[in-house]
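These notes are about the structure you will find just below.
The values are calculated or read from the model by the stated rules, or taken from the named source; none is laboratory data. As the structure is a prediction and not an experimental result, all values here were calculated from the model. Virtual Cβ from ideal backbone geometry, glycine too; neighbours counted across all protein chains shown. Accessible surface areas use protein heavy atoms only, side chains included; no ligands, DNA or RNA. Shrake-Rupley method; radii C 1.70, N 1.55, O 1.52, S 1.80 Å.
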Amino acid sequence: MGESCRWGRNAKAVMENVYWHDDPEIAQSIWTLVRICGSDDASSIRPLVSDFVSKVGIGDPHSVVFHLPVDYGQMKVCQPMRITNPMEGNFNMDTGVSEELLIALLKLLMKYLMDDSVRIVDMTSQSLRGILSTERGQRALLSFGCYERSLIEAWILLCSDAATPVPPAMLLMLNLLSLRRDASLGLEVLSDRFNVKSDEKPKDMGILEYIHSKGVNVELVEKLVLDLEKRYRAEAISLEESTVWETPNKTFQMWICPLVYSLVSYSNDVILKLCQDIVLLKAEVAELLFPSVIIDLACRQDIHLDLHKLISLQNAKPSSYGSKSRSTSVKARDSVAASSSMVMSTSSWDKVYWLKIDYLVVAKSAVTCGSYFTAMMYVEHWCEEHFNGLTLGSPDFSHLEVLPHHIEILLSAVTHINEPDSLYGIIQSHKLTSQAVTFEHEGNWSKALEYYDLQIRSDPLLQMGGGSSTLSAGHTQPGTHLSRSASEEDMRQRKPYKGLIRSLQQIGCTHVLDLYCQGLTSRRDQFHCDLEFNELQYEAAWRAGNWDFSLHFVGANSPSHPDVKFDHFNENLHGCLRAFQEGDFDEFHRKLKGSKQELVCSVSCASEESTENIYSTIIKLQILYHLGLAWHIRWETSQCEGAEFYPGKRRCFSEPLIPTMEQLSWLNVDWNSILEQSQLHMNLLEPFIAFRRVLLQVLNCNECTTQHLLQSASTLRKGSRFSQSTAVLHEFKLASAGTGEHSSTLYWLGRLEEAKLLRAQGQHETAISLAKYISQNCHANEEGSDVYRLVGKWLAETRSSNSRTILEKYLKPAVSVAEAHKTTNKKSIERLSQAHFHLAHYADALFKSCEERLTSSEWQAAMRLRKHKAAELEAIVKRLRSSTKGEKNDYSLKILELQKQLAMDKEEAEKLKDDRDNFLSLALEGYKRCLVIGDKYDVRVVFRLVSLWFSLSSRQNVINNMLDTIDEAQSYKFVPLVYQIASRMGSSKDSLGPNNFQFALASLVKKMAIDHPYHTIFQLLALANGDRIKDKQRSRNSFVVDMDKITAAKRLLGELSSYHGAIITQMKQMVEIYIKLAELETKREDTNKRVSLPREIRSVRQLELVPVVTARFPVDRDCHYNEGSFPHFKGLADSVMVMNGINAPKVVECLGSDGQKYRQLAKSGNDDLRQDAVMEQFFGLVNTFLQNNRDTWKRRLGVRTYKTVLVSKMCALLVVSAVSAVLSFVGLECCCEVVPFTPSAGVLEWVNGTLPLGEYLIGSTRNGGAHGRYGVGDWSFLKCREHMSNARKGQAQSIPGSLSELQTLNFKRLKLTRTNRIGISCRPVMHHFFLERFLQPADWFEKRLAYTRSLAASSMVGYIVGLGDRHSMNILIDQATAEVVHIDLGVAFDQGLMLKTPERVPFRLTRDIVDGMGVTGVEGVFRRCCEETLSVMRTNKEALLTIVEVFIHDPLYKWALSPLKALQRQKETDYDLETGLEDTQDQHEGNKDAERALMRVRQKLDGYEEGELRSVHGQVQQLIQDAIDPERLCQMFAGWGAWM
């Protein structure tokens, strides 16, 4: 208690650093303390640790797996795959204890050497002596440092060697040495003690290490094992006794220790044998070794006991731990997951999963333990076995409201993980249960309420139909039926009632909820014993401020289900708040301490599989921490001190303090930190919002309460909790009315928030009307700018007013008000930037509308009609002169009519053009101001400005704006587009005046080069080298040389010499080195060999002013690139590796000043290297928008890109040839950064850790890989390819155009038939990738999720840009993160349709790709992530189209695939085509294709598919259907491998 008071007194100092999550060492230390709190003797430190956890916080709230610090309990219990040949995928697995596990075991045993029990120390030392006397033990010992090795060996020798008794003083000395980092002080003593001569021992080896290194002591190991066997026979625990396997009324230790002890006796592994004694006493060791014991026994063929049958039968029995057991997913997970680890351990089993048990039983138990990922893994095992494939089976559309059991288990699992999309892939039918779960998952509590009500009303019907406990006829297959106990059935029947209570609570219907709970309590006695129901009632009570609520019978009743544990958080919180209000010191701190202990104990036992539970527990701890701070604020410090020093005197206080805003600042800082850290994760944040509202009401601080209500309403709206936001806003208005603040700024901000809420709910007209009312009546200061801006924005979006009104009455006043109240405050700057952007954006939209109208066919027709009328008028005037008097009257009337019409038309045209010019000027000025003021809209503004400058470069007002922007805006904002800007440079001889476009362009490039030389000058050097093309390439028109650009670049480099002369000189030297390296001639026999570099390349000196070209360092906004801010170039290695390929790329190591060796690939060839660069820019821009969108950001959606530094007109296509050529040789790497120096030469960075999908699936020989390992009896890739190629031979040999319609149809049918035949003969195996490499269920799910998400994002982005040639070697997978990486971007913008065999699928979504996504396939995660990605791209289509327009403005690039390149893409043989073929495509034809490509990209972003406009959902549905359509896939080129 006193500690709490002292904490309160120091709260202000503590709150200066509210959270510690930014310090990984502190976070790891605290979580280590949390683990310690799981022991029974740690109760005293749990309250303190709970406060530490509160300050660390939840970390990343959207992480699917909670990554706790590494400890013994979380070490991987099975050995990961060792890849001896990454291309073939040959794997070497040990069936015993892995090296990683052995190291973890040694660390654990080291801890027991310090145990208080002499028996434990003795057993541990004997086990360690035996282990370190084996070869495996010696190898494992080498992984420790010198200090740890000395420590281990000292304790073993001195504590266990009975022949050499140790004096107590020496033991004490060694104990002291163990506390130091330097154990060398004891070496002399140890040398004397064990008679080791100094010249006998190697200098780099410790004394004790030397003693153990003399040889493996086989005799000692045999002796120890025999002694253990004798002891076991004396006290044998028979495995055949059911009591060994049973779990009721046992703790975890009571169950696992005897079981593992008995199992070890049948093991052949020496390490396991040596641990048999310690296993019986230490559950940690038993748990760690349990899976390895099972694996070892699985391989035994010579034991008399049928362990297979025995273990299978025992595991098939239902089990449950007693009330005192450690019911944690950490303990249960590894035990249950043992069989999942066996999948890679041996090939001697008849089955992959050798235990013949119902895996649904295992999955159900895993859910009970909180091991949700384990449950999902076992359900997938069951589905694969039961449905003969990785599928959920056919949807159940029966009338019975019962879900199939595998679906029910999956639902239980996915609703407890922190993942938003998996649920949608599992629910297959519209059952009431599934619909209620879906609506609750989405936060749509009103709909959830309806369905829970339907469930309750239909429950008697279910009971009558017998559907409550049995499956329908369609689901009575063997293995699908799981019997339910009476308690389980009782719980199932109560779920709808609890769901209805939660729904009422989340909607905010507190009055109805109170009446409903009273009715349930009085009518249904069984709810009295339901702790979950009681917790819901207590939660409703404290949320409503009902402090008289009490359930006196709660403590007397046990849980309704022994396997399901509930904490008493809401009961304790209700009691704390009641004591907080009344000032009951004893009750408050008793409840607070008890709740903290309970929560810390639960989180200490949690695993990474219980992410959602861990996060919610941390939020609860933060609530209690917040409440502890508030106690000191409400009750005077002096009284608390009295209670501290005289605990018997004061327990209740009668004079609460009404705090001021300054006193509440401590709580506000804590609250704002939690709000920021939760990142609008509403399931976590909403309980804290409700608690804080109640807390402030108890504190009786009206001003702070009102502010909190307004902030809460905004937060709930942003989190799509509209019902709760409405309720909070209503409470806010009542609170404002009570204080009489109708004219205050806070009141009008609340009304504005109400308008935003109405807008979010789709009530657009009401929202606009309310916002207009606010703008007319609110005379606030700077907040008025937001009101005007929002009204203008909403009117523009709904098009419910004319443009002049929107501009003059709202958007322009918004800017004026913001400018009038401009300060240096960050919020003020952001408000002004927003006002300028929305004004400019709307003016830009009006400008584009005018431009489109002036270029439309209707306007052109009107112009022709106007011209015709003018000609008619001229003709009538001529006739008038020679007409009679009577005719003149008619002609005069006609002339007046035509003149009037022409005048009106002219006036309309002039007004339209004037409006266009005015809108353009307004947009340019607004964009400029937006860039100058802030950086929130930099990406969108820079891309749009550059597009306007390029397309309107002949207009003087545009050039003037360009010059003003260059002068006022910071140059770093244009660096992302430095390539596009520099490539437009040319001659200014045709331009008039000094301030022409080329002058402005050169000024911008010069400013960027002066401020950021390392990100700009490379581009100029590449342009200057535009005519450096090898002689044998000059005969082709693959490269277009523009002398104007070369001249302009050289002239600008000359001007820059006065600023960065030394840098430019050294850069030129390095460029020359790489050009020579790239163009270095090699022989064919040098392929895949190391070749020495010529002296002129080898002997280059270090260049201190030039960074390593593939090193990554950011653009500095302040233009400071001091020495040491980047690793500079120190030279190249003496030799290079020559890779396979047409152009023989060379791999070289560049030496950096930071001591690192940067592996690079130098390439020179006949490829246009810029398309990949622009594709990467497009991908990077998409990534920016995906990160700025909340829904895509929380899913971590993005496309893996190569970091591209554009320095020439031929850039990233270098990746294509180089990567394709060498992947078969390297296999584990992919290109990351591309730096060209000439049109055909450049350098790439290489990054380890990726593998082509094709290499994993079929291996480099195309007969192995995963298909060879798992597809026993299936067709090989070569056989499948031959089967498909034969179907094309007849068609290929026919004269083009000679086939009749019927013959073409027959060919298609033949191909489809053959594709279907291959589908039966070659099963997908990609899901094994995740099972092989990620052994823990949490890792398995996390990495597979990353794979699916990255695949969805890259598929949508690739579709928009028409990315083709997606065969399995052009898609890499990161072996660490499982994300996919696309390479070879040379076939883009639907050029795949121009190949010899046209590609008619939007992206690669073959059976193996889908198989990797798991049992839900394309449903759920993949589909939802596709929709989210496409939605963001469609929203930002204008900015995305800008990057594509670059091709139209660049005359150097030849767009479409030439016939030669098309042929090279689809080779029927593996040898290269003749490289001497000429490319005769017209150099201007590419830009025509670019126009068409841009139009098609625009159509895709608009949502047009097959000429029809689609919604985002409809467009994704169409694309997925096209990608998996067998009729499309069977038409693909055979080498593409459409069957895998």
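Tabulated data
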| item | result |
| --- | --- |
| Residue that is nearest to the chain's Cα centre (by Cα) [pool: residues in segment 652-690 that are charged (D, E, K, R), open to solvent by 10 Å² or more (accessible area, probe 1.4 Å) and within 18 Å of S712 (Cα to Cα)] | E676 |
| Test result for S720, assigned to a helix (DSSP H, G or I) and either of a type in the set (G, A, S) or crowded, with 18+ Cβ neighbours inside 10 Å (or both) | no |
| Residues of segment 217-252 that turn out to be without any contact (Cβ under 8 Å) to a residue 60 or more places away in the chain and in a helix (DSSP H, G or I), as a count | 14 |
| Set Q1177, Q1187: member being closer than 30 Å to K1437 by Cα and free of Cβ contacts under 8 Å to residues at least 40 places away in the same chain | Q1187 |
| Matching residues in segment 388-415 - criterion: being of a type outside the set (A, V, I, L, M, F, W, C) and closer than 30 Å to S616 by Cβ | E401, P404, H405, H406, E408, S412, T415 |
| Qualifying strands (runs of 3 or more DSSP E) (wholly inside segment 1213-1289; at least 1 residues being modelled with pLDDT of 65 or more and under 25 Å from E1072 (Cβ atoms)) | 1241-1248 |
| Segments classed as strands (runs of 3 or more DSSP E), wholly inside segment 1099-1149, with at least 3 members that are out of contact with any Gly (no Cβ under 8 Å at 6 or more places or on another chain) and crowded, with 18+ Cβ neighbours inside 10 Å | 1103-1107, 1135-1138 |
| Scan of segment 1093-1114 for residues that are within 16 Å of Q1160 (Cα to Cα) and out of contact with any His (no Cβ under 8 Å at 6 or more places or on another chain), ordered by number | L1093, I1097, R1098, V1109, T1110, A1111, R1112 |
| Some residue of segment 836-851 being outside any helix (DSSP H, G or I) and on the phi < 0 side of the Ramachandran plot | no |
| Residues that are modelled with pLDDT under 80 and out of contact with any helix residue (DSSP H, G or I) (no Cβ under 8 Å at 6 or more places or on another chain), drawn from segment 83-110 | I83, T84, N85, N90, N92, D94 |
| Check on M1495, over 24 Å from K1396 (Cβ atoms), hydrophobic (A, V, I, L, M, F, W, C), at pLDDT 85 or above and over 31 Å from the mean Cα position of the chain (by Cα) | yes |
| The one condition in (1) aliphatic (A, V, I, L, M); (2) open to solvent by less than 90 Å² (accessible area, probe 1.4 Å); (3) over 40 Å from the mean Cα position of the chain (by Cα) that L924 fails to fulfil | (3) |
| Unmet criterion (only one of (1) buried (at least 16 other Cβ atoms within 10 Å of the Cβ); (2) at pLDDT 85 or above; (3) β-branched (V, I, T)) for T480 | (2) |
| Contacts under 8 angstrom Cβ, first residue in segment 1496-1519 being aromatic (F, W, Y), partner open to solvent by less than 70 Å² (accessible area, probe 1.4 Å) and assigned to a loop (DSSP other than H, G, I, E, B), 6 or more apart | Y1504/R1510 |
| Selected residue [touching a strand residue (DSSP E or B) at 6+ places or on another chain (Cβ under 9 Å), hydroxyl-bearing (S, T, Y) and at pLDDT below 95] from S1350, S1368, S1321, S1354 | S1368 |
| Residue that is surrounded by the most Cβ atoms within 10 Å (Cβ to Cβ), among those in segment 417-441 that are farther than 10 Å from Y451 by Cα and among the aliphatic types (A, V, I, L, M) | I426 |
| Checking E609 against (1) outside any helix (DSSP H, G or I); (2) at pLDDT 90 or above, the condition it does not meet | (2) |
| Pick from segment 252-267, criterion under 13 Å from A286 (Cβ atoms) and open to solvent by 40 Å² or more (accessible area, probe 1.4 Å), ranking: nearest to the chain's Cα centre (by Cα) | Q253 |
| Filter result for the condition that a residue is closer than 18 Å to A1534 by Cβ, over 18 Å from the mean Cα position of the chain (by Cα) and among the acidic types (D, E), over E1399, E1419 | E1399 |
| Index of the failed condition, Y972 passing every other in (1) at pLDDT below 85; (2) within 37 Å of the chain's Cα centre (by Cα) | (1) |
| Residue check for F1330: more than 30 Å from M1175 (Cβ to Cβ), open to solvent by less than 20 Å² (accessible area, probe 1.4 Å), in a helix (DSSP H, G or I) and at pLDDT 85 or above | no |
| Sole residue being in contact with a Phe, Trp or Tyr (Cβ under 6 Å, 6 or more places away or on another chain), touching a residue at least 24 places away in the same chain (Cβ under 8 Å) and among the polar types (S, T, N, Q), chosen from T1429, T1442, T1416 | T1442 |
| Selected residue (criterion: modelled with the highest pLDDT) from residues of segment 765-800 that are open to solvent by less than 40 Å² (accessible area, probe 1.4 Å) and not in a helix (DSSP H, G or I) | C778 |
| Matching option when the condition is among the hydrophobic types (A, V, I, L, M, F, W, C), buried (at least 22 other Cβ atoms within 10 Å of the Cβ), in contact (Cβ under 8 Å) with a residue 60 or more places away in the chain and part of a loop (DSSP other than H, G, I, E, B), among L1372, L1385, L1345, L1351 | L1385 |
| Qualifying residue in segment 976-996 (condition: among the acidic types (D, E) and within 21 Å of G1026 (Cβ to Cβ)) | yes |
| Any hit, segment 907-926, residues being touching a helix residue (DSSP H, G or I) at 6+ places or on another chain (Cβ under 8 Å) and within 24 Å of G1180 (Cα to Cα) | no |
| Test: residue in segment 615-626 that is closer than 20 Å to D51 by Cβ and at pLDDT below 90 | no |
| Qualifying residue in segment 531-547 (condition: more than 20 Å from G575 (Cβ to Cβ) and either open to solvent by 40 Å² or more (accessible area, probe 1.4 Å) or basic (K, R) (or both)) | no |
